[in-house]
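A.B. asks: Structure below; questions to follow.
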There are 2 protein chains.
Amino acid sequence: MPILTSPTNHLKFADSGGKRNSQSQTGPADSMSASPSRKLLTMRELNPRIIEMQYAVRGPLVIRAAEIEKELKQNVKKPFKSVIRVNIGDAHAMQQHSITFIRQVIAACTYPSLLDSAQFPSDVIERARLLLGDCGGCSVGSYSASVGLRVVREHVSDYIRKRDGGIASDPENIILSNGASEAIRSLMKLFNRPDSGGKPVGVMVSIPQYPLYSATTSEYGIYRIGYYLNEEKNWALDIAELKRALEEARPKCRPALLCVINPGNPTGQVLTRANIEEVVKFAYEEKLFLFADEVYQDNVYDPNSKFHSFKKVMHEMGPPYSHMELASFHSASKGYMGECGLRGGYAEIVNMHPEVLTQFKKSISAKLCSSVLGQIAMDCVVKPPAPGEPSYELFAKVTDSTLLKHHRTKRLQEKAEVLNNLHDKASMISEALNGIKGVKCNKVQGAMYAFPRIFLPPKAIEKAKVAESLGQEPDFFYAMNLLESTGVCVIPGSGFGQKEGTYHFRTTILPPPTVFHDFIERFSKFHERFMTMYS
Amino acid sequence: MPILTSPTNHLKFADSGGKRNSQSQTGPADSMSASPSRKLLTMRELNPRIIEMQYAVRGPLVIRAAEIEKELKQNVKKPFKSVIRVNIGDAHAMQQHSITFIRQVIAACTYPSLLDSAQFPSDVIERARLLLGDCGGCSVGSYSASVGLRVVREHVSDYIRKRDGGIASDPENIILSNGASEAIRSLMKLFNRPDSGGKPVGVMVSIPQYPLYSATTSEYGIYRIGYYLNEEKNWALDIAELKRALEEARPKCRPALLCVINPGNPTGQVLTRANIEEVVKFAYEEKLFLFADEVYQDNVYDPNSKFHSFKKVMHEMGPPYSHMELASFHSASKGYMGECGLRGGYAEIVNMHPEVLTQFKKSISAKLCSSVLGQIAMDCVVKPPAPGEPSYELFAKVTDSTLLKHHRTKRLQEKAEVLNNLHDKASMISEALNGIKGVKCNKVQGAMYAFPRIFLPPKAIEKAKVAESLGQEPDFFYAMNLLESTGVCVIPGSGFGQKEGTYHFRTTILPPPTVFHDFIERFSKFHERFMTMYS
């Protein structure tokens, strides 16, 4: 059995970032901090959990990528002309277009004079009026309820009900949030109670995982129970491995929560229905509350895969499984819309004890409410234009070019365009990577990422150990080399966690086709050189 | 010396809210939770700090107010026809108009086709282009850096520098956030380290205070050191009282942080420069990091008062005070703009240890970024239209009505209109309240609130003790009676904290003039009846 490794402890974020910030903070521009003085809050006094937190997706590689971009602007000579950022699932930053309907509704809600102009289709106007009618003083500048606008929560429930083939969904069980991350963080907080002997609560998180989970458990002082996904079985959840992880952790914590990301981040797999059933049974037997991170539910590319929500599977399994406690998360940031910056998300909280649900709602009230415009983005995602509505043609299907009269853009079938592009790149990436010696990549069935394994030569591993900043992870060393010599910014597998002795990186499949091909080319040349150099 | 009372422990949020939610969650609409079943997460397993958290501004009175509104819609007979919500600083919900420039810039950034139309003034177009140029892929749908868009942080620095008469401000010390609340919560987290003996860190918070502070310290397990504001000296900060509170708390905690709200919430005072100097000296001597909650910096009404930022005062005091560590907070939610729902805010972090600053920036990266549209709102607040720019006339001064051609609205001088209205109501409210027997109200010098003292008869206090839900605070009992019999929703002083044996409530000054007069009338009649009933 593999040994658990802490997936994030090895990144040296503070070292590099700290020095840079130090220069700019005490530079001549700021007279107030120009001279040395006593500091009350030093690293010694700082909350140690803050020091422990790591978030590789925005770590040292990304900071270095930004510096290289600056250097390129200043005409510093490099063997490449641009940085390719495949480090983060940030679709619009990669030239993906926004969905017109979403943007028109938000613009109309923000500046209601647009409601009276003829420039927006009637369904945009109607939707904007409906949403504004639920805002205090008919303004998006009013706080919403802490759980979000009622009308949006109703639309979320309708969406879930339809998605899950008619299973009931109650708007009282929906809370809107600034992206899914905020909802995950607020809900995980509920579990943070040590037992009577002082043992911390334990939360099961996959290895590899999306680093929000490790950052949050570190911050809260929660014990993270890492369970390995099975790379050989296309990153499936092995029940035996879940049991092993749980049993090994029991002496150290009180296990309470199981987090599953489906479709997977960073791994790009889509769980089969049978696998989800097994996981539900496991959670039932082991008395674990379930978190289903389902933010990539629209991102399924493999024709043999299908998204099954945990809620639907639990329901169809019948009692006692249909009574299990579950929180499921969705977001406006991924899918075909990619509206990361708008910060829209929701959680559906199923079968939670009513008193606990009330306490949860109270606990988020001190944050007042999530971004109302983010809530509106979420509304458009869960209730997009329907057939027969004027915006439908542009959103989903164009049959008649006269329908473009309302739009200044020439893009057609916005949703399909994005998903088709992602589909193509999902197929291409594993093919391309598997064509490179020393790289092995599972099929990207869904989400926005590939997580290829790289077989590093022992010399490279040795070299990493004695590299500039001592004790680098070999895949960090590899990724930093890739960045410095090709401008390609990926995130090393150690930022997500991986089996000891294996090395990976995460790349998105988001760049537009020409950049995507450029990325593959730069990468394969680099990899060959690297392998030769250290063979 | 007064005895410290926990300002929030007495509100019975869960009792009422819990039952209601319970009904709706297990109602017939949701088949999955229809039958009884084991619950893993009950009140017994719930994080006890979540139970302890209270946020009165959204507490049981507000929940009841919403119910009464529903009852009115269903034609339930009441001695009033509408609910008047003066419980929360939510300006747009009280019919305050938005600032056209802010909304046009956000609309143009959201739907860039508007940039090519002639309907927005050129400065709106320019600003939108500048902001979009700083967004990945020129889209507000891209994540910004965790600290926020660079260009907005530069504008924030420019604003602070001008506000403070030229004192330097570094964009590297600015972070943008979802309202000021989020920044306060993220920064307070840094201090949460018990000492070697296990004593918690101590944070000094005023009594009365804005309940974000008590909710956050409860959630984090931080020891709250309450210091009383001096009601007799118009809610000034007494240094002797600060010392008393600190000395009393020392055996129980490691004091590290002093929070000051200026202009005051819920108290409406504006601190004098001399008082701020005293507080800075006190913080220096006692080795306390300073948090200056300055979200009402634009809301000063008293011609004898002026807003002085803590940063400016510290700087002008010279060393060693000018080297002190300080975080100052501002927001797009208050002032004349009142854009609460957009969730824009910032913190300026001055003189923080560079390594700690880096750690802080890392710690917020797991949340990815604050709402980009909220950041854009903040941008417009710190860099509003300037004289000579096309939007200036509408924003600040109209001299030529032809300038209205760009606007569908007839409102003039938007900023002045809002602030003049608030100014008038600030004068009116203390006058009106002081004209009522058994009510005493300090002058509202700034912010958006009055916090009058009510002198309750002993019989009313007795009655509260035996009221329906046992052990109500007398001012809660009073406020609930006010709500049930007049529809006026205020927040009892016990939600903010007050000297033992004194009773208050907080009301905003936000309702439009006719509603405002109606509120005063309903209130004075109620108060008279109440006093007669219990005399």
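The values are calculated or read from the model by the stated rules, or taken from the named source; none is laboratory data. Given the structure is predicted, the values throughout are model-derived calculations rather than measurements. Reconstructed Cβ throughout: ideal geometry from the backbone, glycine too, with neighbour counts over all protein chains shown. With ligands, DNA and RNA removed, areas are computed over all heavy atoms of the protein, side chains included. Shrake-Rupley method; radii C 1.70, N 1.55, O 1.52, S 1.80 Å.
A.B. asks: Please give the Cα centre distance for the range B:300-364 versus the range B:171-225, rounded to the nearest Å.
C.D. replies: Answer, in whole Å: 15.
A.B. asks: Take the residue pairs A:Lys312/A:Lys383; B:Lys252/B:Lys499; A:Lys70/A:Lys415; A:Lys233/A:Lys437; B:Lys306/B:Lys425; B:Lys252/B:Lys287 and return only those whose Cα atoms are more than 25 Å apart. Please list the in-between numbers first.
C.D. replies: Working: A:Lys312/A:Lys383 20 Å; B:Lys252/B:Lys499 21 Å; A:Lys70/A:Lys415 34 Å; A:Lys233/A:Lys437 21 Å; B:Lys306/B:Lys425 18 Å; B:Lys252/B:Lys287 17 Å.
Long pairs (Cα-Cα over 25 Å): A:Lys70/A:Lys415.
A.B. asks: What accessible surface, in Å², does a 1.4 Å probe find on B:Lys312, ignoring ligands, DNA and RNA and rounding to the nearest 10?
C.D. replies: 50
A.B. asks: Report the accessible surface area buried between chains B and A, summing both sides, using a 1.4 Å probe on protein heavy atoms only, in Å² rounded to the nearest 100. Don't skip to the answer; put the middle values down first.
C.D. replies: Details: alone 24070 and 24090 Å², together 37330 Å².
Looking at B and A, the buried total is near 10800 Å².
A.B. asks: Tell me, what ³J(HN,Hα) does each residue in the range A:222-233 have, in order and in whole Hz, if you take phi through Karplus 6.51 cos²θ - 1.76 cosθ + 1.60 with θ = phi - 60° and put x for Gly and Pro?
C.D. replies: Result, ordered by residue: 8, 7, 8, 9, x, 10, 7, 6, 8, 4, 5, 9 Hz.
A.B. asks: Keeping all protein chains in place and using 1.4 angstrom, which order do A:Val466, B:Val57 fall into by accessible surface area, from largest down? Please list the in-between numbers first.
C.D. replies: Numbers: A:Val466 105, B:Val57 0 Å².
Order by accessible area, largest first: A:Val466, B:Val57.
A.B. asks: Right, next: Can you give the longest stretch of chain B with no exposed loop site, where a site means GluC sites (Glu not before Pro) in a DSSP loop (not H, G, I, E or B) with at most 13 other C-beta atoms within 10 Å? List each step's numbers first, then the result.
C.D. replies: Numbers: sites that count: B:Glu468, B:Glu500.
Answer from the scan: B:1-467.
A.B. asks: First check a/c for the range B:143-192, with a ≥ b ≥ c the square roots of the eigenvalues of its C-alpha gyration tensor; if it is under 1.5, answer rounded, and if not, answer prolate when a/b is larger than b/c or oblate otherwise. Could the numbers behind the result be given before it?
C.D. replies: On the way: a/c = 2.35, a/b = 1.46, b/c = 1.61.
In terms of gyration-tensor shape, oblate.
A.B. asks: Round to a whole angstrom and tell me the spacing of the C-alpha centers of the range B:365-391 and the range A:446-507.
C.D. replies: 38
A.B. asks: Using a 1.4 angstrom probe on heavy atoms only, work out the carbon and sulfur share of the accessible area of the range B:127-382 in %.
C.D. replies: Numbers: 3090 of 6150 Å².
Roughly 50 percent of what the probe reaches on the range B:127-382 is carbon or sulfur.
A.B. asks: Moving on to the next point. Indicate the residues belonging to the range B:183-219 that lose 20 Å² or more of solvent-accessible heavy-atom surface (probe 1.4 Å) upon moving from the chain alone to the assembly of all protein chains, ignoring ligands and nucleic acids.
C.D. replies: B:Arg185, B:Lys189, B:Leu190, B:Phe191, B:Asn192, B:Arg193, B:Glu219
A.B. asks: Separate question: For the range A:267-325, with equal point scatterers placed on the C-alpha atoms only and solvent neglected, what are the log10 I(q)/I(0) values from the Debye formula at q = 0.16, 0.17, 0.25, 0.31 1/Å, to two decimals?
C.D. replies: Here log10 of I(q) over I(0) equals -0.50, -0.56, -1.06, -1.40.
A.B. asks: Determine the order of B:Thr272, B:Thr42 by accessible area, beginning with the largest, at a probe radius of 1.4 Å. Can you show the working numbers first?
C.D. replies: Details: B:Thr272 80, B:Thr42 30 Å².
Largest accessible area first, the residues go B:Thr272, B:Thr42.
A.B. asks: Would you mind checking which residues have amide H under 5 Å from A:His504's amide H? H placed 1.01 Å from N; only 5 or more apart, or other chain.
C.D. replies: A:Ile454, A:Gly493, A:Ser494
A.B. asks: Please figure out what share of the DSSP beta bridges in the range A:117-258 is antiparallel and state it in percent, rounded to the nearest 5. Write out the running numbers ahead of the final one.
C.D. replies: Working: 1 of 11 bridges.
The antiparallel proportion sits near 10 percent.
A.B. asks: How many percent of DSSP beta bridges within chain B run antiparallel, rounded to 5? Walk me through the numbers before you get to the answer.
C.D. replies: Details: 21 of 42 bridges.
Restricted to chain B, the bridges split so that about 50 percent are antiparallel.
A.B. asks: Something else now. May I ask you to report, in nm to one decimal and beginning with the shortest, the distances from A:Glu232 to the same position in the other copies, taking label points 7 Å along Cα-to-Cβ?
C.D. replies: Label point to label point, same position, other copies: 8.1 nm.
A.B. asks: Provide a whole-number value for the mean count of partner chain Cβ atoms within 10 Å of the Cβ atoms in peptide B:371-382.
C.D. replies: Working: counts 11, 8, 11, 8, 1, 1, 4, 0, 0, 0, 0, 0.
For this peptide, the per-residue mean of nearby foreign Cβ atoms is 4.
A.B. asks: Roughly how far apart, in whole Å, are the Cα centres of the range A:34-79 and the range B:258-281?
C.D. replies: Answer, in whole Å: 34.
A.B. asks: List every residue whose amide H lies under 5 Å from the amide H of B:Phe80, counting only residues 5 or more places away in sequence or on a different chain, with H placed 1.01 Å from N in the peptide plane.
C.D. replies: Here nothing satisfies the definition.
A.B. asks: Still on this structure, I have one more. Take every DSSP beta bridge whose two residues both sit in the protein assembly as shown, then give the antiparallel share in percent to the nearest 5.
C.D. replies: Numbers: 41 of 83 bridges.
Of all bridge pairs located within the protein assembly as shown, approximately 50 percent are antiparallel.
A.B. asks: Expressed in nm to one decimal, what extension gain is obtained for the pair A:Asp424 and A:Arg129 from 0.36 nm per residue of sequence separation less their Cα-Cα distance? Spell out each step's value before the answer.
C.D. replies: On the way: separation 295, 0.36 × 295 = 106.20 nm, distance 3.81 nm.
Extra length available between A:Asp424 and A:Arg129 comes to 102.4 nm.
A.B. asks: To continue, here is another question. Which of the peptides A:254-261, B:106-113 is most tightly packed, and how do the rest follow, judged by the mean count of other Cβ atoms within 10 Å per residue?
C.D. replies: Details: A:254-261: 24.0, B:106-113: 25.8.
Peptide ranking by packing, descending: B:106-113, A:254-261.
A.B. asks: If B:Asp424, B:Asp475 are ordered by their accessible area, calculated over protein heavy atoms with a 1.4 Å probe, which sequence runs from highest to lowest?
C.D. replies: Numbers: B:Asp424 80, B:Asp475 0 Å².
Descending order: B:Asp424, B:Asp475.
A.B. asks: Could you state how much accessible area B:Arg193 has, in square angstrom rounded to the nearest 10, with a 1.4 Å probe and all protein chains kept in place?
C.D. replies: Surface accessible to solvent at B:Arg193 totals approximately 70 Å².
A.B. asks: Once the piece of chain linking B:Lys459 and B:Lys233 is laid out straight, how much longer is it, given 0.36 nm per residue of separation minus the C-alpha distance between them? Intermediate values should be presented prior to the final figure.
C.D. replies: Working: separation 226, 0.36 × 226 = 81.36 nm, distance 2.94 nm.
Separation in residues times 0.36 nm, less the Cα-Cα distance, equals 78.4 nm.
A.B. asks: Provide a whole-number value for the mean count of partner chain Cβ atoms within 10 Å of the Cβ atoms in peptide A:89-97.
C.D. replies: Values: counts 1, 9, 6, 9, 9, 3, 4, 4, 3.
Mean number of neighbouring Cβ atoms from other chains: 5.
A.B. asks: Spin-label point model (7 Å from Cα, Cβ direction): what's the B:Glu69 to A:Asp116 distance in nm?
C.D. replies: In this crude label model, B:Glu69 to A:Asp116 measures out at 2.6 nm.
A.B. asks: Okay, moving on. When Cβ neighbours within 10 Å are restricted to other protein chains, what is their mean count per residue of peptide B:333-343?
C.D. replies: Details: counts 3, 0, 0, 0, 1, 4, 5, 10, 19, 9, 11.
Taking all residues of B:333-343 together, the mean is 6.
A.B. asks: Here is a follow-up. In terms of the Cα gyration tensor, with a ≥ b ≥ c the square roots of its eigenvalues, is the protein assembly as shown rounded because a/c is under 1.5, prolate because a/b exceeds b/c, or oblate?
C.D. replies: Working: a/c = 1.39, a/b = 1.39, b/c = 1.00.
It is rounded, given that a/c, with a ≥ b ≥ c, falls under 1.5.
A.B. asks: While we're on this one: Hey, can you grab everything whose amide H is under 5 Å from the amide H of B:Phe289? Only 5+ residues off in sequence or another chain; H modelled, so Pro and N-termini drop out.
C.D. replies: Amide H neighbours of B:Phe289: B:Leu257, B:Leu258.
A.B. asks: I've got another one for you. What are the semi-axes of the equivalent ellipsoid of chain B, taken as the square roots of 5 times the eigenvalues of the Cα gyration tensor, listed largest first and rounded to whole Å? Kindly include the intermediate steps, with their values, before the conclusion.
C.D. replies: Values: eigenvalues 256, 181, 137 Å².
Rounded to whole Å, the semi-axes are 36, 30, 26.
A.B. asks: Hey, another quick one. Defining the label point at 7 Å along Cα→Cβ, can you sort the distances from A:Met533 to the same site in each other copy, shortest first, in nm?
C.D. replies: In nanometres, ordered from closest: 8.2.
A.B. asks: Convert each backbone phi in the range B:448-458 into a coupling constant with the Karplus relation 6.51 cos²θ - 1.76 cosθ + 1.60 (shift: θ = phi - 60°), then list the ³J(HN,Hα) values in order as whole Hz, x for Gly and Pro.
C.D. replies: Coupling constants for the range B:448-458: 9, 9, 10, 10, x, 8, 10, 9, 7, x, x Hz.
A.B. asks: Now, a different point. Please turn the phi angles of the range A:370-377 into ³J(HN,Hα) values with the Karplus equation 6.51 cos²θ - 1.76 cosθ + 1.60 (θ = phi - 60°), one per residue in order, whole Hz, x for glycine and proline.
C.D. replies: Karplus-based 3J(HN,Hα) across the range A:370-377 equals 7, 3, 5, 5, x, 4, 5, 4 Hz.
A.B. asks: Ordered shortest first, which distances in nm separate the 7 Å Cα→C-beta label point of B:Phe80 from those of the other copies?
C.D. replies: 6.5
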